2 protein chains.
Amino acid sequence: MVTGDRRRRVTITDVADHARVSTTAVSKVLRNAYGVSAAMRAKVQAAIDELGYRPHNAARAMRGRTFTIGVLLPHIRNPFFAEILDALTEEISGHGYQAIMVQGGDADPEAERRASDALVDRQVDGVLMVAPACTKAQLEALARSVPTVVLGRHDRSALYDCVLDDDEVGAELVVEHLIALGHRRIGHITQRDPLSGRPAALLQTIRARTYERVMAEHDLADQIALAATAYTEEGGYEGARELLTRAPRPTAIFAGSDQVAFGALAAIHEAGLAVPGDISVAGYDNARMIRLAHISLTSVDQNGAIMGKIAGRLLLERIGGRAAAVRFAVIPTLVTRRSTAPPRSRG
Amino acid sequence: MVTGDRRRRVTITDVADHARVSTTAVSKVLRNAYGVSAAMRAKVQAAIDELGYRPHNAARAMRGRTFTIGVLLPHIRNPFFAEILDALTEEISGHGYQAIMVQGGDADPEAERRASDALVDRQVDGVLMVAPACTKAQLEALARSVPTVVLGRHDRSALYDCVLDDDEVGAELVVEHLIALGHRRIGHITQRDPLSGRPAALLQTIRARTYERVMAEHDLADQIALAATAYTEEGGYEGARELLTRAPRPTAIFAGSDQVAFGALAAIHEAGLAVPGDISVAGYDNARMIRLAHISLTSVDQNGAIMGKIAGRLLLERIGGRAAAVRFAVIPTLVTRRSTAPPRSRG
DNA sequence: GTGAAAGCGCTAACAA
DNA sequence: TTGTTAGCGCTTTCAC
């Protein structure tokens, strides 16, 4: 590495020398530790300001905290993640914490593993795993080495905290809404599972199973039409195309997420069909984008801001010493807009 | 911090003991340094695998590299950033590097400063600043302490590399396209500047100035209608509403980005107008989303994948020792879709 | 080719 | 209340 004109960082020793005190004193001031007089504090603070000193994080990491929270996101294409991240950031920044993110790589357990390792290797004080695709065992292994909060999964563990949306409630709201409008042929677009066997902990599994359950409860088991693609716009496009080939075609589509719904709208438009005239569409997440007038998508609101805030608080608590695991579920609500309406001809 | 059942990490000493060699030997094997026999390498590697050892990044950071690239993004709401990030990740991961991201906070120089400090404090080996809102002086200060590449700005510096889209070309393509279609009353939605004085280095400034220049070149200076909001969906919505109040109203809108265009579409729809019948709309970025059938937005493609890849390569070069600054500009292309058409009544 | 030892900047015992 | 000192895990001279 070139070090030619890279300036040497100001260290704690520089500050101590400049203030004519010990490094311990400076360290204590930095950490707001007990046993520092007001005079000492003022003197040290002055030296810090004058020299523009900032603690060297790696050195801190060798002994204690890094004041860093690691956030693993599957990718950064979903605006819902942005809401979570913003709320988390606001919650932790007041406590001197900084969030860093890594991409897990959607539905690729190996890439996800490397990404979470990367966080651990960088000595974060806590980790937020957003919708991870790995196994519970892997999450527990992680939780054993660092305080962990998992967002968007339905498993229960004694080792990490869970923050989740009650996807069963959300999916039920959508399907009941569509049925109440008079729809019978309701299709669903879900995500193909990264691992085999539709793991019950994954939110897409819950949404799909709930769809099936509610359909069955209304004697519509024979109308179930499931397209398994991906929770992306492309996935929604393909899934809708698949569902539209069925004869008779569905009069409504419950898309597993807003991005999926967005892609589905494209396929429906391409097929020359009108929403909601020919076909109703509902999404999940209530992303800002789909609220806009020309989209106006019926969707499930799961309040990402609260989830992110709670996740931040739980992480701080865990870092502070809490060992008992907690589980926090938000109850979602349905927001009906113009993309859903009664079917043209009932039945 | 609770350390109850947190496992002690495997250290280089553990590996050395296990392989019955010195820590120096292990360190050399880790870094592929010269002066290790094949036998030694094999022995050490076996111990590493057996113990599941991973180097402690913070300890490494104290002496040498961290094999980490820090990426500062204004936010994670723009899918265009995802393209850049994916390409960057692919380019650097082959060299053992990992990317970590922080949010800069759009158009808030203070938050941005904290975020880039956070990266430096975490001893990243290099930094990619994506569309930063700060001053050139601040970027140069950063570049003095860590290898830096700046993406999406037009300033020239001897201290950092620049990767950018030629926004002058892109904006010209859009405005010329609209004029060629017969439009005269063409409005533009741009981003309000975080600092005063429309800094010439910012891409939104280039796009806006080029819009004004091309309009003037076609004797349409008196038709210039500029709405300064933000490069977001909300900004597009507000900007379009503002432009639509003008009498006579514009027959075309050049939105500064696809997200802006998306918001503008909502406002236009709300006003009961049709696209492109009543008004044409063009964006910038060619995001995947806006390519879809029901949006089908004319846009400028600036190839984020190449930009991300180049940024990664330049960072690796700088880390490798290159001190001379380079500048890499991609020439964008126009992708015309159904959102632009000739105006209903010419003139 | 290999290993002993110093030290990176910081925190936390412990001593004063 | 303040300072002295011993490491944290690693890389890097510099002997051997």
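Take region B:211-270, drop everything but the C-alpha atoms, weight them equally and run the Debye formula without solvent; then report log10 I(q)/I(0) at 0.19, 0.27 Å⁻¹ to two decimals. The Cα Debye sum returns log10 ratios of -0.65, -1.08. Would you work out if region A:179-230 is rounded, prolate or oblate? Take a ≥ b ≥ c from the square roots of the eigenvalues of the alpha-carbon gyration tensor; rounded if a/c is under 1.5, else prolate when a/b is larger than b/c, oblate otherwise. Judged from the Cα gyration tensor, region A:179-230 comes out prolate (a/c at least 1.5, a/b above b/c).
Binning the C-alpha pair distances of region B:167-302 at 5 Å intervals from 0 yields a P(r) profile of 2, 12, 23, 26, 23, 11, 3, 0 %, listed from the shortest bin outward. Helix A:38-51 and the long axis of chain A differ in direction by around 70°, with both axes built from C-alpha atoms. Within the same chain, lysines fewer than 8 places from B:LYS136 are excluded, and of the rest, none has a Cα less than 17 Å from its Cα. The orientation-averaged projected area of the convex hull spanned by the Cα atoms of the protein assembly as shown comes to 33.7 nm². If you run the Gaussian network model on chain B, springs between alpha carbon atoms under 10 Å, then out of B:ALA311, B:ALA39, B:ALA19 the most flexible one is B:ALA39. Modelled spin labels at A:GLU110 and B:ALA293, positioned 7 Å past Cα toward Cβ, are 3.6 nm from each other.
Partner shielding of A:110-123 amounts to 4, given as the average count of beta-carbon atoms from other chains within 10 Å of each residue beta-carbon.
Remark: label point of B:THR245 defined 7 Å out from Cα along the Cα-Cβ vector; separations to the same position in other copies 5.1 nm, ascending.
Peptide B:89-98 shows a mean partner chain C-beta count of 2 within 10 Å per residue C-beta.
Placing one equal scatterer on every Cα of region B:17-135 and applying the Debye formula, the log10 ratio I(q)/I(0) at q = 0.11, 0.22, 0.23 Å⁻¹ is -0.51, -1.19, -1.26. The angle between the Cα long axis of helix A:136-145 and the main principal axis of chain A comes to about 10°, on a 0 to 90 degree scale.
How far is helix A:258-270 tilted off the main Cα axis of chain A, in degrees rounded to 10, range 0 to 90? Between the helix axis and the principal axis of chain A, the angle is about 40 degrees. Once Rg and the Kirkwood radius are both taken over the C-alpha atoms of region A:136-180, their ratio Rg/Rh works out to 1.22. For B:TYR34, the point set 7 Å out from Cα toward Cβ sits 5.6 nm from its twins in the other copies, listed from shortest up. Using alpha carbons only, the radius of gyration of region B:96-139 set against its Kirkwood radius gives Rg/Rh = 0.96. Remark: chain B is approximated by an ellipsoid whose semi-axes, taken from the C-alpha gyration tensor as √(5λ), come to 50, 19, 18 Å, largest first.
Taking amide H as placed 1.01 Å from N in the peptide plane, B:SER257 has its amide H under 5 Å from the amide H of B:TYR284, each at least 5 places away in sequence or on another chain. Shown here: region A:285-347, whose C-alpha atoms stretch 60, 27, 9 Å along the first, second and third principal axes, sorted largest to smallest. Helical runs (DSSP H, four residues minimum) scored at -39500 (n - 2.57) apiece and divided by the length of the protein assembly as shown put the mean residue ellipticity at 222 nm at -13500 deg cm²/dmol.
The antiparallel fraction among DSSP beta bridges confined to chain A stands at about 10%. Going from the residue with the fewest nearby Cβ atoms within 10 Å to the one with the most, A:PHE328, A:PHE254, B:PHE262, B:PHE67 rank A:PHE328, B:PHE67, B:PHE262, A:PHE254. Among the DSSP beta bridges whose two residues both lie in the protein assembly as shown, what percent are antiparallel, rounded to the nearest 5? Antiparallel: roughly 10 percent of the beta bridges in the protein assembly as shown. Here the spin labels are modelled as points 7 Å beyond Cα on the Cα-Cβ line, and at B:ARG344 and B:ALA158 they lie 5.9 nm apart. Distances over 21 Å make up what percent of all Cα-Cα pairs in region B:96-175? That fraction is 30 percent. The B:SER145 and B:ARG327 beta-carbon pair, evaluated with R₀ = 22 Å, returns a calculated FRET efficiency of approximately 0.55. Dividing the Cα radius of gyration of region B:12-62 by 2.2 N^0.38 Å, with N the residue count, gives 1.04.
We did not get these values from a lab; they are worked out from the coordinates using the rules stated. Since the model is a prediction, treat every value here as computed from it, not as a measurement. Glycine also receives a Cβ, built like all others from the backbone with ideal geometry; neighbour counts cover every protein chain displayed.
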